[in-house]
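Inspection log for the structure reproduced underneath, given as structure tokens.
The values are calculated or read from the model by the stated rules, or taken from the named source; none is laboratory data. For clarity, every value in this text was computed on a predicted model and none was experimentally measured. Every residue, glycine among them, receives a Cβ derived from its backbone with ideal geometry; neighbour counts consider all protein chains shown. All accessible areas refer to the heavy atoms of the entire protein, side chains included, with ligands and DNA or RNA removed. Shrake-Rupley method; radii C 1.70, N 1.55, O 1.52, S 1.80 Å.
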Amino acid sequence: MVATTKLSPADAIAEIGASPPGPGIGAVFDLDGTVVDGFTAAVHVGDRIRRRRAGIGELLGVFEAALRYRFGRLEFEHLIVRAAGYLRGESLADLDELGERLFVARVASRLHSHMHEVVRAHQQRGHTVVMSSSALSIQALPVARFLGISNVQCNHFELDEHGRLTRGIVKPIVWGATKADAVRQFCVDNDVAVQRSYFYADGDEDAASMSLVGYPRPVNPRSGLAAAAAAYGWPVMCLASGRGGPVSTLRYLAKHVRRDPERDTTKG
């Protein structure tokens, strides 16, 4: 095992500033726990709770799914398909609009300012910046637009001919090995040199993507990714604010179950 090197945000920005310029170098960013402190999905579920759009079955399902996923007893694909099922029949246009409103009201304040600076540093070098996330489009795209990231890999709802959700997710679902495949294919299609590129993420499931690039950069990594970083000598970025994991997500949702929906200012 190799000793883990700590990489401060200032060190990361200096490293980027000294790197070769141009679009042949990629910088891939995960979303939840990396660019955003916590899970953007929790914001959307919390909004459904506040607006009384979530029935008791959905609430119990969300809590059960989060707990089972936390302890490794539910695959991510099952989790995200279950979440899409609760939105069956909704208009994607309406959900996209809601996603923008929730970004402004609740997500923007949870952006890691240091990671925003890291994104800008890569953009200033002319690197090809990509957001690669297992989040849904309504959660990932508003953040990407705010950061000026036009290349986005995320999960999308299946739609019927009227633009309404069918309860399915477009395959392949972006997560773990499929995210690594998507990143690899993007680099091939866009003449990006994988071994000269960077990847920023916090999740254990992103170790496969980290191993692709020449500059893997775990950010506040969870235990599995931290172990991989120690084993392979990947420098670790530790941000000052804490990363919200599944347990904090449950606390966040529980808070909104207790909150009186009629007093919520983002109700709409």
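The table that follows gives values for the structure above.
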{"read-out": "Residue count for the stretch 14-28, restricted to those that are buried (at least 16 other Cβ atoms within 10 Å of the Cβ) and within 16 Å of V118 (Cβ to Cβ)", "value": "7"}
{"read-out": "Unmet requirement for L59, which otherwise passes all of (1) at pLDDT 65 or above; (2) open to solvent by 70 Å² or more (accessible area, probe 1.4 Å)", "value": "(2)"}
{"read-out": "Residue in the stretch 88-98 that is under 24 Å from A27 (Cα atoms) and not charged (D, E, K, R) present", "value": "no"}
{"read-out": "Extreme residue, farthest from V45 (Cα to Cα), among residues of the stretch 108-131 that are among the hydrophobic types (A, V, I, L, M, F, W, C) and touching a helix residue (DSSP H, G or I) at 6+ places or on another chain (Cβ under 6 Å)", "value": "A121"}
{"read-out": "Filter result for F39 (closer than 20 Å to G214 by Cα and aromatic (F, W, Y))", "value": "no"}
{"read-out": "All positions within the stretch 151-167 that are under 27 Å from D30 (Cβ atoms) and charged (D, E, K, R)", "value": "E158, R167"}
{"read-out": "Of residues in the stretch 192-205 being in a helix (DSSP H, G or I) and out of contact with any helix residue (DSSP H, G or I) (no Cβ under 7 Å at 6 or more places or on another chain), the one least open to solvent (accessible area, probe 1.4 Å)", "value": "E205"}
{"read-out": "For P142: the one exception among (1) at negative phi; (2) open to solvent by 10 Å² or more (accessible area, probe 1.4 Å)", "value": "(2)"}
{"read-out": "Search result, residues across the stretch 209-235 that are open to solvent by less than 20 Å² (accessible area, probe 1.4 Å) and more than 21 Å from the chain's Cα centre (by Cα)", "value": "A230"}
{"read-out": "Within the stretch 167-187, tally of residues that are surrounded by fewer than 14 Cβ atoms within 10 Å (Cβ to Cβ) and either polar (S, T, N, Q) or under 18 Å from P216 (Cα atoms) (or both)", "value": "2"}
{"read-out": "Failed item, numbered, when A208 is tested on (1) farther than 24 Å from V236 by Cβ; (2) modelled with pLDDT under 95; (3) assigned to a helix (DSSP H, G or I)", "value": "(1)"}
{"read-out": "Flag for L92 being more than 19 Å from the chain's Cα centre (by Cα) and touching a residue at least 12 places away in the same chain (Cβ under 8 Å)", "value": "yes"}
